[in-house]
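Student: Next up is a structure, given as structure tokens.
The values are calculated or read from the model by the stated rules, or taken from the named source; none is laboratory data. Note that the structure is a prediction, hence the values are computed from the model and not measured. Here the Cβ positions follow ideal geometry from the backbone for every residue, glycine too, while neighbour counts run over all protein chains shown.
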Amino acid sequence: MFNLKTIYFKILDIIILILDEATSSLDHASEKHIKKAIKEFIKINNSTIIIIAHRQTTIENADFVIYLEDGKVRDTGSPEKIFSKYAEI
């Protein structure tokens, strides 16, 4: 599907797509293409996507964010909540 670090599972018609730093080495234009492909994937499939990322732009449209620091959960919530609370991200 993506020529990136991607793991694709299909279990009992439930699709879980895990993207680990999928946009970390991409320029802004390429990142936009990946984000568009992710939106299309969601429309076509009944799926859950787990995105591991450092860039705010990669997760700005997420439904839910888990903010990790030093391997521990520091906070959870919407992207807006996390970005406003932790300006250093």
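Student: What number of residues in the range 56-89 are of a type in the set (S, T, Y) and at pLDDT below 90?
Tutor: Qualifying residue count, the range 56-89: 3.
Student: Considering A22, A37, which residue is part of a helix (DSSP H, G or I), touching a residue at least 24 places away in the same chain (Cβ under 8 Å) and of a type outside the set (D, E)?
Tutor: On the way: A22 fails: part of a helix (DSSP H, G or I).
Just a single option satisfies the conditions, and that option is A37.
Student: Which residues, counting only those in the range 40-61, are surrounded by 14 or more Cβ atoms within 10 Å (Cβ to Cβ), of a type in the set (S, T, N, Q) and not in a helix (DSSP H, G or I)?
Tutor: Within the range 40-61, N45, S47 qualify.
Student: Filter the range 62-88 down to residues that are touching a Phe, Trp or Tyr at 6+ places or on another chain (Cβ under 9 Å), more than 26 Å from I42 (Cα to Cα) and part of a loop (DSSP other than H, G, I, E, B), then give me how many there are.
Tutor: Number of matching residues: 1.
Student: Taking the criterion of being assigned to a strand (DSSP E or B), of a type in the set (S, T, Y) and either modelled with pLDDT under 75 or loosely packed, with under 12 Cβ neighbours inside 10 Å (or both), would at least one residue in the range 1-17 satisfy it?
Tutor: Looking only at the range 1-17, we keep the residues that are assigned to a strand (DSSP E or B), and these are 6-11, 14-17.
From what is left, the residues that are of a type in the set (S, T, Y) are 6, 8.
Subset that is either modelled with pLDDT under 75 or loosely packed, with under 12 Cβ neighbours inside 10 Å (or both): 6, 8.
There is at least one residue in the range 1-17 that is assigned to a strand (DSSP E or B), of a type in the set (S, T, Y) and either modelled with pLDDT under 75 or loosely packed, with under 12 Cβ neighbours inside 10 Å (or both).
Student: May I pose another question? Sort out which residues of the range 23-39 are hydroxyl-bearing (S, T, Y) and either exposed (fewer than 12 other Cβ atoms within 10 Å of the Cβ) or over 14 Å from the mean Cα position of the chain (by Cα) (or both), and write them in order of number.
Tutor: Start the filter on the range 23-39 by keeping residues that are hydroxyl-bearing (S, T, Y), which leaves 23-25, 30.
Across the range 23-39, the qualifying residues are S25, S30.
Student: Further question on the same structure: Would you pick out the residues in the range 49-73 that are among the charged types (D, E, K, R) and either more than 18 Å from K85 (Cα to Cα) or over 10 Å from the mean Cα position of the chain (by Cα) (or both)?
Tutor: Narrowing the range 49-73 to residues among the charged types (D, E, K, R): 55, 60, 63, 69-70, 72.
Listed by number, the residues that qualify are E69, D70, K72.
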